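Values quoted throughout were computed directly from the atomic coordinates according to the rules given, and no laboratory measurement underlies them. Keep in mind that this is a model prediction, so the values were computed, not measured. Cβ placement follows ideal geometry from the backbone for every residue including glycine, while neighbour counts extend to all protein chains displayed.
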Amino acid sequence: MRLFEKYAKNQNEFLKANGEPFGINFKLPESKDKGKLALKVLSDAKMGQVKGAFFREDLKELSGNGEIDLVWGEVINPQTHKGYGLAHIIDKHPDFDINLIPEIVERGNLVNQNNMRYRLEFENYVIGLSSEFKGEKQNFIITAFERNKDLDTLSPKPKITDKSDNILPNLDTQIIPQSQTLQSLESAIKEAQTKEPYKPKIKPILESLAQQWKDKELITLNWREKVKGKWVKRTTNFKAEESLRKTYEKYLQYQEQGNDISQEISLLQKAINAINAEHNQAKLSKETIEAEIKKLQEQKESFIAKENGLDIFIELPHQRLKLYSNKYGTDSKYLQNRLQRGYYKEDILEEIKQVRESIQKDFNLSPIAEFGINYAEYYRDGKRAINKILAEAKDYEIRKAARNLTQEEIEQGGYKGQVAGAFFREDLKELSGNGEIDLV
């Protein structure tokens, strides 16, 4: 077995080094459970791929065959959980049951992000699909997974220093413009959070049991038990739930010794069943409230994403960057806000730069350096891209008049800024290859 594993690993590395980026292909029999088997095979092997692990009819026009490959992939950076494939999903979401992937793939709603990247959305899950890898056209591959719930937990926050950790603000009402719809959702969430779950009514059950015991003149037991090293006298007790359960145990032991106390046992069991039912009702009430809050929060996050043009992004840092850009309008205004909160200027600027570069990498953007900063968060969002560049240009002139430009801005001789891929037209795809129009 070890010899086979060694051979497989060597073959996997050879293939990866010679034009097969995902390594060895495990050929599995065609069946409705091929995807499930692919998950098991790759999880055990921790390498390679299964081509055509899944199939969707609505992908046939896009890829030609409708197939989705499952690849093991790799974890590129364990600290920031960067990577791709099944290895990346397991690393980033260790509590996620990967066996749910086949159902998400089968039943998920297909969402086009940028004609290369797509999402499959099912309930509160999102699976990322890509039709290319490192610029090369591929079958659709599963590259990422996210929970579509509390946006502040979807992905790790970029960490630069302890002082500047989580420099980009959370997705909360501090940076989200308030609208009537959002306010109503916020109010509904607060109202749901104030709801009191059902409280178990235990005392009436215990009182009723004690009265029945007395009326029927049932047997009272006495026993001794050790408490903190000392022997203590105990007797039949219905004053609290704990003492009732302890009493029930003693009566069962007494019955096992051959004593006929079926009436006593029956009453005790009925009382305990009634108490268990109360606890179950309380648990169900709590779960119902929690489910209501969760649903409302999901509606709120969906609304925020739609209103702020976040739908194209899966990664949380990308979403947060666009939200703060929408909120503050210009980088300098946001920088000033964070400086007042005690963050370091260099760390703030570096993090913004890293997130924009990450967006550019994810969407294969190649901005032209001569055109200045690329506000990548406005990719495929032309209207907001125009507003961003106009705001930055105006801010530049204000800071110039106040002699508050950086040395780099002074040297460039005037304001420069761009949004690579700000617009998209389908009829330009044949001419340019991607149909995108840059804004400068």
With θ set to phi - 60° and the Karplus curve 6.51 cos²θ - 1.76 cosθ + 1.60, what are the ³J(HN,Hα) couplings of the range 72-89 in order, to the nearest whole Hz, using x for Gly and Pro? 5, x, 6, 9, 6, 9, x, 5, 9, 6, 8, x, 7, x, 5, 4, 5, 4
Rounded if a/c under 1.5, otherwise prolate or oblate - the range 342-408, Cα gyration tensor axes: oblate
To the nearest 10 degrees, how steep is helix 34-45 against the longest Cα principal axis of the chain, on a 0 to 90 scale? 90 degrees
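How compact is the range 278-390 by the rule of thumb for globular proteins, expressed as Cα Rg over 2.2 N^0.38 Å?
Working: Rg = 18.9 Å, N = 113, 2.2 N^0.38 = 13.3 Å.
Relative to the 2.2 N^0.38 Å estimate, the range 278-390 comes out at 1.43.
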Given the alpha-carbon gyration tensor of the chain, what are the semi-axes of its equivalent ellipsoid in whole angstrom, ordered largest first, with each equal to the square root of 5 times an eigenvalue? 57, 33, 21
Just to be sure I understand: with springs between alpha-carbon atoms less than 10 Å apart, which residue in L323, L221, L15 has the highest mean-square fluctuation in the Gaussian network model of the chain? L221
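Go through K201/K233; K327/K353; K201/K294; K203/K246; K361/K429 and tell me which ones have a Cα-Cα distance over 22 Å in this structure.
K201/K233; K201/K294
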Mind checking the dipole of the range 369-440: about its Cα centre, +1 per Lys or Arg Cβ, -1 per Asp or Glu Cβ, Debye to the nearest 20? 320 debye
Charge dipole (the chain, unit charges on Cβ, about Cα centre) - positive-most of N25, A385, V440: N25
Can you find, among L244, N259, W231, the residue farthest towards the positive end of the dipole of the range 229-270? Put +1 on the C-beta of Lys and Arg, -1 on that of Asp and Glu. W231
Within the range 354-433, list the trypsin sites (Lys or Arg not before Pro) lying in a DSSP loop whose Cβ has at most 14 other Cβ atoms in a 10 Å radius. R403, R425
For N99, net neighbour charge (Lys/Arg +1, Asp/Glu -1) across residues whose Cβ lies under 12 Å away: -1
Note down the magnitude of the dipole of the chain about its Cα centre, charges +1 on Lys and Arg C-beta and -1 on Asp and Glu C-beta and zero elsewhere, to the nearest 20 debye. 1640 debye
Long-range amide H partners of K82, meaning residues 5 or more apart or on another chain whose placed amide H is closer than 5 Å, are I76, N77
Report the residue, chosen from A87, A401, A376, that carries the largest GNM mean-square fluctuation when the chain is represented by alpha-carbon nodes joined by springs under 10 Å. A401
